[in-house]
1. Picking from I110, I97, I73, which residue would you name as being farther than 23 Å from A20 by Cα, within 22 Å of the chain's Cα centre (by Cα) and among the β-branched types (V, I, T)?
2. What about V13, is it part of a helix (DSSP H, G or I) and within 17 Å of L130 (Cβ to Cβ)?
3. Given the residues E91, E49, E72, which is the only one that is exposed (fewer than 15 other Cβ atoms within 10 Å of the Cβ), in a helix (DSSP H, G or I) and either modelled with pLDDT of 85 or more or not small (G, A, S) (or both)?
4. Which condition number does A67 fail, the rest of (1) under 14 Å from the mean Cα position of the chain (by Cα); (2) assigned to a loop (DSSP other than H, G, I, E, B); (3) of a type in the set (A, V, I, L, M) being met?
5. Checking D33 against (1) in a helix (DSSP H, G or I); (2) under 24 Å from R127 (Cα atoms); (3) touching a helix residue (DSSP H, G or I) at 6+ places or on another chain (Cβ under 8 Å); (4) of a type in the set (D, E), which single condition isn't satisfied?
6. On the given criteria, is E30 of a type in the set (D, E, K, R) and surrounded by 11 or more Cβ atoms within 10 Å (Cβ to Cβ)?
7. Which residue pairs have Cβ atoms closer than 7 Å, lie 6 or more positions apart in sequence or on different chains, and pair a first residue in the stretch 1-26 that is in contact (Cβ under 8 Å) with a residue 40 or more places away in the chain with a second residue that is polar (S, T, N, Q)?
Amino acid sequence: MLSIGPIAAIAAVSLHTIGALGKLFFEVVENADMKPEEGLRSVGANWLERVRFAIVPQVMPNFVSYALLRTEINVRASTIIGAVGGGGIGEVFRLSIGRDHAAKTYAIVILLLVTIVCIDQFSSRLRRKLVGNQSFELGRGAA
(Lines give C-alpha, C1' and ligand atoms only; values in the text may rest on other atoms or scores of the structure.)
Protein backbone atom coordinates (compact mmCIF):
# COMPACT_ATOMS: atom_id res chain seq x y z
CA MET A 1 0.00 0.00 0.00
CA LEU A 2 2.80 2.44 0.89
CA SER A 3 5.52 0.79 -1.25
CA ILE A 4 9.12 0.77 -0.06
CA GLY A 5 10.45 3.94 1.48
CA PRO A 6 10.61 6.07 4.60
CA ILE A 7 6.83 6.42 5.08
CA ALA A 8 6.33 2.66 4.99
CA ALA A 9 9.24 2.19 7.41
CA ILE A 10 7.81 4.76 9.83
CA ALA A 11 4.38 3.11 9.63
CA ALA A 12 5.83 -0.36 10.23
CA VAL A 13 7.95 0.65 13.21
CA SER A 14 5.14 2.80 14.69
CA LEU A 15 2.46 0.13 14.43
CA HIS A 16 4.73 -2.52 15.93
CA THR A 17 5.73 -0.19 18.77
CA ILE A 18 2.13 0.77 19.55
CA GLY A 19 1.10 -2.89 19.66
CA ALA A 20 4.05 -4.00 21.77
CA LEU A 21 3.77 -1.12 24.25
CA GLY A 22 0.01 -1.57 24.50
CA LYS A 23 0.46 -5.20 25.48
CA LEU A 24 3.29 -4.46 27.92
CA PHE A 25 1.45 -1.54 29.54
CA PHE A 26 -1.70 -3.64 29.91
CA GLU A 27 0.29 -6.41 31.63
CA VAL A 28 1.86 -3.93 34.05
CA VAL A 29 -1.49 -2.38 34.98
CA GLU A 30 -3.13 -5.79 35.29
CA ASN A 31 -0.45 -6.94 37.75
CA ALA A 32 -0.55 -3.82 39.91
CA ASP A 33 -1.31 -4.36 43.59
CA MET A 34 -4.89 -3.26 44.27
CA LYS A 35 -4.56 -2.93 48.06
CA PRO A 36 -3.58 0.77 47.93
CA GLU A 37 -6.53 1.43 45.61
CA GLU A 38 -8.90 -0.37 48.01
CA GLY A 39 -7.53 1.68 50.90
CA LEU A 40 -8.15 4.94 49.06
CA ARG A 41 -11.64 3.77 48.07
CA SER A 42 -12.43 3.01 51.72
CA VAL A 43 -11.61 6.59 52.72
CA GLY A 44 -13.78 8.06 49.95
CA ALA A 45 -11.29 8.90 47.20
CA ASN A 46 -12.75 9.35 43.72
CA TRP A 47 -11.59 7.36 40.68
CA LEU A 48 -9.02 9.94 39.55
CA GLU A 49 -7.45 10.15 43.03
CA ARG A 50 -7.30 6.35 43.30
CA VAL A 51 -5.56 6.09 39.94
CA ARG A 52 -3.20 9.00 40.65
CA PHE A 53 -2.09 7.93 44.14
CA ALA A 54 -2.46 4.12 44.07
CA ILE A 55 -1.87 2.88 40.53
CA VAL A 56 0.37 5.44 38.81
CA PRO A 57 3.24 5.21 41.35
CA GLN A 58 3.32 1.44 40.86
CA VAL A 59 3.21 1.37 37.07
CA MET A 60 5.14 4.50 36.07
CA PRO A 61 8.67 3.01 36.48
CA ASN A 62 7.74 0.09 34.26
CA PHE A 63 6.00 2.36 31.72
CA VAL A 64 9.11 4.53 31.43
CA SER A 65 11.40 1.51 31.30
CA TYR A 66 9.40 -0.18 28.54
CA ALA A 67 9.05 3.05 26.55
CA LEU A 68 12.81 3.62 26.63
CA LEU A 69 13.47 -0.02 25.78
CA ARG A 70 11.21 0.30 22.73
CA THR A 71 13.03 3.50 21.75
CA GLU A 72 16.33 1.64 21.82
CA ILE A 73 14.81 -1.24 19.81
CA ASN A 74 13.40 1.25 17.29
CA VAL A 75 16.82 2.84 16.77
CA ARG A 76 18.27 -0.56 15.96
CA ALA A 77 15.31 -1.60 13.80
CA SER A 78 15.29 1.64 11.83
CA THR A 79 18.95 1.13 10.98
CA ILE A 80 18.20 -2.32 9.60
CA ILE A 81 15.09 -1.13 7.76
CA GLY A 82 17.08 1.71 6.24
CA ALA A 83 19.76 -0.68 5.06
CA VAL A 84 17.18 -2.53 2.95
CA GLY A 85 15.61 0.55 1.39
CA GLY A 86 13.64 2.31 4.11
CA GLY A 87 15.78 5.46 4.19
CA GLY A 88 17.42 7.17 7.13
CA ILE A 89 20.69 6.30 8.82
CA GLY A 90 20.55 2.69 7.57
CA GLU A 91 20.55 3.84 3.97
CA VAL A 92 23.50 6.14 4.60
CA PHE A 93 25.27 3.24 6.31
CA ARG A 94 24.61 0.89 3.37
CA LEU A 95 25.80 3.49 0.86
CA SER A 96 28.98 4.23 2.81
CA ILE A 97 29.80 0.51 2.90
CA GLY A 98 29.04 0.14 -0.81
CA ARG A 99 31.23 3.10 -1.76
CA ASP A 100 34.07 1.87 0.48
CA HIS A 101 34.10 4.97 2.70
CA ALA A 102 35.66 3.36 5.75
CA ALA A 103 35.88 6.53 7.89
CA LYS A 104 32.22 7.39 7.28
CA THR A 105 31.17 3.80 8.02
CA TYR A 106 33.09 3.79 11.29
CA ALA A 107 31.59 7.15 12.23
CA ILE A 108 28.07 5.85 11.64
CA VAL A 109 28.72 2.70 13.71
CA ILE A 110 30.16 4.81 16.54
CA LEU A 111 27.21 7.21 16.33
CA LEU A 112 24.74 4.32 16.61
CA LEU A 113 26.66 2.80 19.51
CA VAL A 114 26.81 6.13 21.36
CA THR A 115 23.10 6.71 20.75
CA ILE A 116 22.15 3.32 22.17
CA VAL A 117 24.46 3.74 25.18
CA CYS A 118 23.01 7.22 25.85
CA ILE A 119 19.45 5.89 25.71
CA ASP A 120 20.43 3.07 28.09
CA GLN A 121 22.12 5.46 30.55
CA PHE A 122 19.18 7.87 30.41
CA SER A 123 16.83 4.96 31.08
CA SER A 124 18.89 3.84 34.06
CA ARG A 125 19.01 7.33 35.59
CA LEU A 126 15.30 7.86 35.08
CA ARG A 127 14.47 4.49 36.66
CA ARG A 128 16.65 5.31 39.67
CA LYS A 129 14.91 8.66 40.01
CA LEU A 130 11.44 7.11 39.82
CA VAL A 131 12.09 4.07 42.00
CA GLY A 132 14.85 5.35 44.28
CA ASN A 133 18.43 4.25 44.89
CA GLN A 134 17.48 2.03 47.84
CA SER A 135 15.64 -0.35 45.48
CA PHE A 136 18.79 -0.89 43.47
CA GLU A 137 20.98 -1.32 46.56
CA LEU A 138 18.66 -3.95 48.07
CA GLY A 139 18.98 -5.99 44.88
CA ARG A 140 22.77 -5.93 45.10
CA GLY A 141 22.87 -6.93 48.76
CA ALA A 142 20.67 -9.98 48.21
CA ALA A 143 22.81 -11.37 45.37
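The values are calculated or read from the model by the stated rules, or taken from the named source; none is laboratory data. Because the structure is predicted, anything quoted here is derived from the model rather than measured. Please note: Cβ atoms are built from the backbone with ideal geometry, for glycine as well, and neighbour counts cover all protein chains shown.
1. I110 is the lone residue from the list that is farther than 23 Å from A20 by Cα, within 22 Å of the chain's Cα centre (by Cα) and among the β-branched types (V, I, T).
2. Considered against the rule, which asks whether it is part of a helix (DSSP H, G or I) and within 17 Å of L130 (Cβ to Cβ), V13 comes out as no.
3. E49
4. Result: A67 passes all but (2).
5. (1)
6. no
7. Pairs that qualify, where the first residue is in contact (Cβ under 8 Å) with a residue 40 or more places away in the chain and the partner is polar (S, T, N, Q), are A9/S78; V13/N74; V13/S78; T17/N74.
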